[in-house]
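The values are calculated or read from the model by the stated rules, or taken from the named source; none is laboratory data. If you're wondering where the values come from, they're calculated on a predicted model, not measured in any experiment. Note that each Cβ is placed from the backbone with ideal geometry, even for glycine, and that neighbours are counted across all protein chains shown. What goes into the accessible areas is simple: the full protein's heavy atoms, side chains included, and nothing from ligands, DNA or RNA. Shrake-Rupley method; radii C 1.70, N 1.55, O 1.52, S 1.80 Å.
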Amino acid sequence: MRNGIENMVTDEILCAVQSMAELFDTPDARNAGNAIWKMLADFDEDSWHEKVNSGTIKEWQQHYIED
């Protein structure tokens, strides 16, 4: 929560990303879209700031690419 406003990825955003991923032409592109969907579904703003500040963001992102 920042400045009293809760920031989160909504179901609507996840639906939009899912529908975009389904439109991609190649399996690699669809896999990339699905990786982004998984990352957003797990997104937690507080954890994001911790990862950015500690320099562990690349490892966290790589986790979604390797799934």
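Of the numbered criteria (1) exposed (fewer than 12 other Cβ atoms within 10 Å of the Cβ); (2) modelled with pLDDT of 90 or more; (3) outside any loop (DSSP other than H, G, I, E, B); (4) not basic (K, R), the one D25 fails is (3).
Check the stretch 38-49 and report whether any residue there is at pLDDT 90 or above, among the aromatic types (F, W, Y) and part of a loop (DSSP other than H, G, I, E, B). No; the residues of the stretch 38-49 include none that is at pLDDT 90 or above, among the aromatic types (F, W, Y) and part of a loop (DSSP other than H, G, I, E, B).
Of the listed requirements (1) free of Cβ contacts under 8 Å to residues at least 24 places away in the same chain; (2) open to solvent by 50 Å² or more (accessible area, probe 1.4 Å), K38 misses just one: (1).
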